[in-house]
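Undergrad: Dropping the structure in here first, questions after.
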Amino acid sequence: WGFPFSSASSSPPAGEARSAGPASTVRFNDSIIELENFYNNEYVGVLGLGTPPQWLSVVLDTGSSDLWIPGRGCGSACGAHATFDYEQSSSYEEVTAADGGQVTFEVDYGSGTVRGYAGLETVRFGQLSLKGVT
């Protein structure tokens with residue numbers, strides 16, 4: 001799951017000296033993606049969400065296929081972490097249930113519970129751009 005470290009912006013964040021290890025380089029086709037290495041325990045990369053992209057630094061969890069991004073209504077639970085504002089994106093689509101209501105979810109982890117709602121959005125990672133990611 002992803003959890004932003006810094007404020008969202010309209011351009012990719014410049015490198016910041018906050019890692020406890022060397023940056024790792026990942027090659028995807030002809031694109032190079034820099035990841036911050038925190039004690040070989042977690043890796044942080046930059047994702048662009050929406051159109052235009054809101055660039056967020058997120059923890060890339062290799063143990064899960066889920067992408068959790070806190071929304072602008074997260075409040076005090078998100079502290080100073082950046083949040084995604086779907087109203088600023090022209091490509092955001094709400095996921096609706098058969099009854100017309102918004103699809104919500106709740107997942108319990110050992111470290112706490114994640115609650116929210118599903119949406120479709122464009123996600124950018126390096127040169128890769130995926131449309132309609134839930």
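Undergrad: Can you name the residue in the stretch 104-133 that is part of a loop (DSSP other than H, G, I, E, B) and touching a strand residue (DSSP E or B) at 6+ places or on another chain (Cβ under 6 Å) and is also nearest to Asp66 (Cα to Cα) among such residues?
TA: Applying the first criterion (part of a loop (DSSP other than H, G, I, E, B)) to the stretch 104-133 yields 110-111, 118, 126-127.
Cutting the leftovers down to touching a strand residue (DSSP E or B) at 6+ places or on another chain (Cβ under 6 Å) gives us 126-127.
Values: Gly126: 19, Gln127: 21 Å.
Among them, the one singled out is Gly126.
Undergrad: Does Asp99 count as among the charged types (D, E, K, R), free of Cβ contacts under 8 Å to residues at least 12 places away in the same chain, in a strand (DSSP E or B) and surrounded by fewer than 12 Cβ atoms within 10 Å (Cβ to Cβ)? Reasoning before the result, please.
TA: Numbers: among the charged types (D, E, K, R): yes; free of Cβ contacts under 8 Å to residues at least 12 places away in the same chain: yes; in a strand (DSSP E or B): no; surrounded by fewer than 12 Cβ atoms within 10 Å (Cβ to Cβ): yes.
In short, no.
Undergrad: For a quick check of your reading of the model, give me the residue pairs whose first member lies in the stretch 111-134 and is open to solvent by 60 Å² or more (accessible area, probe 1.4 Å), whose second is at pLDDT 90 or above and of a type outside the set (A, V, I, L, M), with beta-carbon atoms closer than 6 Å and at least 6 apart or on different chains.
TA: Matching pairs, first to second residue: Arg115/Glu106; Tyr117/Gln102; Tyr117/Thr104; Lys131/Thr122.
Okay, residues lined up against (1) of a type in the set (A, V, I, L, M, F, W, C); (2) surrounded by fewer than 16 Cβ atoms within 10 Å (Cβ to Cβ); (3) in contact (Cβ under 8 Å) with a residue 60 or more places away in the chain; (4) closer than 13 Å to Thr122 by Cβ:
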| position | (1), (2), (3), (4) |
| --- | --- |
| Leu47 | yes, no, yes, yes |
| Leu56 | yes, no, no, no |
| Asp61 | no, yes, yes, no |
| Asp66 | no, yes, yes, no |
| Gly73 | no, yes, no, no |
| Ala77 | yes, yes, no, no |
| Ala82 | yes, no, yes, no |
| Tyr86 | no, no, no, yes |
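The values are calculated or read from the model by the stated rules, or taken from the named source; none is laboratory data. Please read these numbers as outputs of a predicted model, since none were measured by experiment. Please note: Cβ atoms are built from the backbone with ideal geometry, for glycine as well, and neighbour counts cover all protein chains shown. Heavy atoms of the whole protein, side chains included, go into the accessibility calculation; ligands, DNA and RNA do not. Shrake-Rupley method; radii C 1.70, N 1.55, O 1.52, S 1.80 Å.
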